[in-house]
Each structure stands twice: as C-alpha cells, then as structure tokens.
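A.B. asks: Please find one structure pasted underneath; my questions will follow.
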Amino acid sequence: MNCVFCDIAAGRRQAAIVYEDEQVVAFHDINPQAPVHVLVIPRAHIPGPLAVEAPHEALAGHMLAVAGQVAQELGIASDGYRLVLNQGTMGGQSVFHLHLHLLGGRRMRWPPG
Ligand code: AMP
Ligand code: ZN
C-alpha cells in the first residue's frame, strides 16, 4: 500500500520525529499551520477517525496522552493548544492514515475554517 505515513512509521521516509514508541510516532508537520504543528500517528494503518473502533480505544487514548506529553516538551502546554482530527474530504482530510494534529504557539480561532 502506498501511504506516506506508513512510510514514516516504518522509517522508509524521513521526518522530524519528536517522539516514538511501539504504538505511535509523532513528528513535525511538513507544512506547519502554527509555530508548533506536530502530527501523532499510530504505526498501524488506520484510514482515519471514522475507522477507529472498539479495539483501537487504548491506542486512541495513547495518542491523546502522547500529544499532551509532546505539548509539555515543546513548551506549549501551559498556554494551551489545539488537537484536531480531520475525517474525509469535507473534514479537510488529505492523508488517509489516522493522525492527530497538535497545534500551538499562537492563539487559535473559533470556529475553525
Ligand atoms: P490532513 O489534511 O488532516 O489529512 O493533514 C495531513 C497533514 O499531513 C498536513 O498538515 C500535511 O502538511 C502533512 N503532511 C503531509 N505529508 C507529510 C510529510 N511527508 N511529513 C510531514 N507532514 C506531512
Ligand atoms: Zn498508512
């Protein structure tokens, strides 16, 4: 399967990795939308948020915990940050491998565009 995030998780494609363990990898977004823009992905290929089912619940929770840990390490936790999951074309999803956006370092607007 041709998947850019599977390639990053497997080390076949270079990325600026900030955290990794057996389950997830976190790396800087190549086209950052904020001073801090990190993506947290599962190593397993899950197409998107809609494909997250009961067996993935612990993994999904771990992604949230890792995002918080990375936010602490990158110094944006106390000021606050935003976590985003885009699903499908209308949701703005462009890479069809589950990824949690961690955005911070500037004030976020609401509603998002
Ligand atoms: P989404 O639009 O929610 O699917 O987000 C996909 C994100 O992946 C975008 O913010 C892209 O900039 C980012 N992206 C795509 N390819 C790469 C890559 N090779 N390394 C890092 N980030 C990437
Ligand atoms: Zn994948």
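The values are calculated or read from the model by the stated rules, or taken from the named source; none is laboratory data. Source: prediction; values computed, not measured. FYI the Cβ positions are ideal-geometry reconstructions off the backbone, even for glycines, and counts take in every protein chain you see. We work out accessible area using only protein heavy atoms, side chains counted, and drop any ligands, DNA or RNA first. Shrake-Rupley method; radii C 1.70, N 1.55, O 1.52, S 1.80 Å.
A.B. asks: Going through the stretch 19-33 one residue at a time, which ones are farther than 19 Å from residue 62 by Cα and among the hydrophobic types (A, V, I, L, M, F, W, C)? Before you say what the answer is, go through the steps one by one.
C.D. replies: Step one: filter the stretch 19-33 for residues farther than 19 Å from residue 62 by Cα, giving 29-33.
Within the stretch 19-33, just 30 meets the criteria.
A.B. asks: If I ask for residues that are farther than 25 Å from residue 2 by Cα, small (Gly, Ala, Ser) and open to solvent by less than 70 Å² (accessible area, probe 1.4 Å), which ones from the stretch 55-90 would you list?
C.D. replies: Of the stretch 55-90, the ones farther than 25 Å from residue 2 by Cα are 57-58, 61-62, 64-83.
Imposing the further condition that a residue be small (Gly, Ala, Ser) reduces the set to 58, 61, 65, 67-68, 71, 75, 77-78, 80.
Those that are farther than 25 Å from residue 2 by Cα, small (Gly, Ala, Ser) and open to solvent by less than 70 Å² (accessible area, probe 1.4 Å): 61, 65, 67, 68, 71, 75, 77, 80.
A.B. asks: Moving on. Report yes if some residue within the stretch 6-29 is more than 10 Å from ligand 2 (Cβ to nearest atom), among the β-branched types (Val, Ile, Thr) and part of a loop (DSSP other than H, G, I, E, B); otherwise report no. Full working, then the answer.
C.D. replies: Initial filter on the stretch 6-29 (more than 10 Å from ligand 2 (Cβ to nearest atom)): 11-29.
Among the residues that remain, those that are also among the β-branched types (Val, Ile, Thr) are: 17-18, 24-25.
Still in the list and also part of a loop (DSSP other than H, G, I, E, B): none.
No, because not a single residue in the stretch 6-29 is more than 10 Å from ligand 2 (Cβ to nearest atom), among the β-branched types (Val, Ile, Thr) and part of a loop (DSSP other than H, G, I, E, B).
A.B. asks: While we're looking at this one, here's another question. Considering each residue of the stretch 1-47, count those that are surrounded by 13 or more Cβ atoms within 10 Å (Cβ to Cβ), more than 8 Å from ligand 1 (Cβ to nearest atom) and either among the small types (Gly, Ala, Ser) or touching a residue at least 40 places away in the same chain (Cβ under 8 Å) (or both), and give that number.
C.D. replies: Within the stretch 1-47, residues that are surrounded by 13 or more Cβ atoms within 10 Å (Cβ to Cβ), more than 8 Å from ligand 1 (Cβ to nearest atom) and either among the small types (Gly, Ala, Ser) or touching a residue at least 40 places away in the same chain (Cβ under 8 Å) (or both) number 17.
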